[in-house]
Amino acid sequence: MNCINFVVPMNPCPCGYYPDRNKCHCSEWQIRRYQEKLSRPLMDRIDIRVLVESVGVAALQKDEREESSATVRERIERARLLQERRLRGSGFRYNCSIPGKEIRNYCPLGNEEENFLKRAFEVMDISARAYHRILRVARTIADLENEERIRTRHLQEAIAYRMENIYY
């Protein structure tokens, strides 16, 4: 099974300026109505949702060094190799292609992590599809950190990427 990257750019509100309240004058109702145009079943299939805020000229003029593309590429390649080794002989290559019925074999959790995810599932009313997607994303986050085990912090980050109401 191949993984498909599905990128959905979307303005956070009708005017496109939210969360900058100096520019955006949309009401909370307008923002919610605008965002609800995407159905829950569609949103349930999007693993990572990130709000990208505009960058001011002062930030662009700073001479701060960020992580280089080469460094990021190296970390991603290491994570991909970890996934390929872990999944060798399984019929799939990457975390995103692990079927739900196999997820526990490749994304095992300790007691603390199991309890955390159980609480999140109950409190946040997470669907079964989202539950498996959270585990796959958490496994990938752990791989990017070169961690053998999925930790609570990896689950927290994966859940944060799924937040329904990231704009308000």
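The values are calculated or read from the model by the stated rules, or taken from the named source; none is laboratory data. Please read these numbers as outputs of a predicted model, since none were measured by experiment. Positions of Cβ are backbone-derived with ideal geometry, glycine not excepted, and every protein chain shown enters the neighbour counts. To get the accessible areas, we keep the full protein, side chains included, count just its heavy atoms, and leave off ligands, DNA and RNA. Shrake-Rupley method; radii C 1.70, N 1.55, O 1.52, S 1.80 Å.
Around the Cα centre of the range 102-147, unit charges on the Cβ atoms of Lys, Arg, Asp and Glu (plus for the first two, minus for the last two) sum to a dipole of about 240 debye. Among the cysteines of the chain, CYS15, CYS24, CYS107 have no other cysteine beta carbon within less than 4.7 Å of their own.
Under a Cβ-only charge scheme (Lys and Arg +1, Asp and Glu -1), can you give me the dipole magnitude of the range 42-168 about the Cα centre, in debye to the nearest 20? Please report the intermediate quantities before stating the final value.
Details: 24 positive and 22 negative charges, 122 e Å.
Once rounded to the nearest 20, the dipole reads 580 debye.
Comparing GLN35, GLN83, GLN61 in a Gaussian network model of the chain where C-alpha atoms under 10 Å apart are linked, the largest mean-square fluctuation is found at GLN61.
Residues ARG86, ARG78, sorted by accessible area with the largest first, give ARG78, ARG86 [1.4 Å probe; ligands and nucleic acids excluded].
Roughly how many percent of the accessible protein surface of the chain is carbon and sulfur, given a 1.4 Å probe and a whole-percent answer?
Working: 5790 of 11710 Å².
Answer for the chain: carbon and sulfur cover 49 percent of the accessible area.
With the simple model of a label 7 Å out from the Cα in the direction of the Cβ, GLU112 to SER39 spans 4.1 nm.
Using only the alpha carbon atoms of the range 55-168, find the Kirkwood hydrodynamic radius as the inverse mean reciprocal pair distance, in angstroms to one decimal.
Working: mean 1/r = 0.0633 Å⁻¹.
Evaluated over the range 55-168, this radius sits at 15.8 Å.
Considering only protein heavy atoms, what per residue accessible area in square angstrom results for the chain with a 1.4 angstrom probe? Walk me through the numbers on the way to the answer.
Values: 11710 Å² over 168 residues.
Ligands and nucleic acids excluded, the result is 70 Å² per residue.
If the Kirkwood radius is taken over C-alpha pairs of the range 1-122, then at 10 °C and 1.306 mPa s the Stokes-Einstein diffusion coefficient equals 84 µm²/s.
To the nearest 20 debye, what charge dipole does the range 50-108 have about its Cα centre, counting +1 at the Cβ of each Lys and Arg and -1 at the Cβ of each Asp and Glu?
Details: 12 positive and 9 negative charges, 118 e Å.
Dipole of the range 50-108, to the nearest 20 debye: 560 debye.
Annotation: amide H-H contacts under 5 Å for CYS13 (H modelled 1.01 Å from N, sequence separation of 5 or more, or interchain): TYR18. With each label modelled as a point 7 angstrom along the Cα→C-beta vector, the GLN30-GLU147 pair spans 4.1 nm.
Spin-label model, CYS3 to ILE48: label points 7 Å out along the Cα-to-beta-carbon direction sit 0.9 nm apart.
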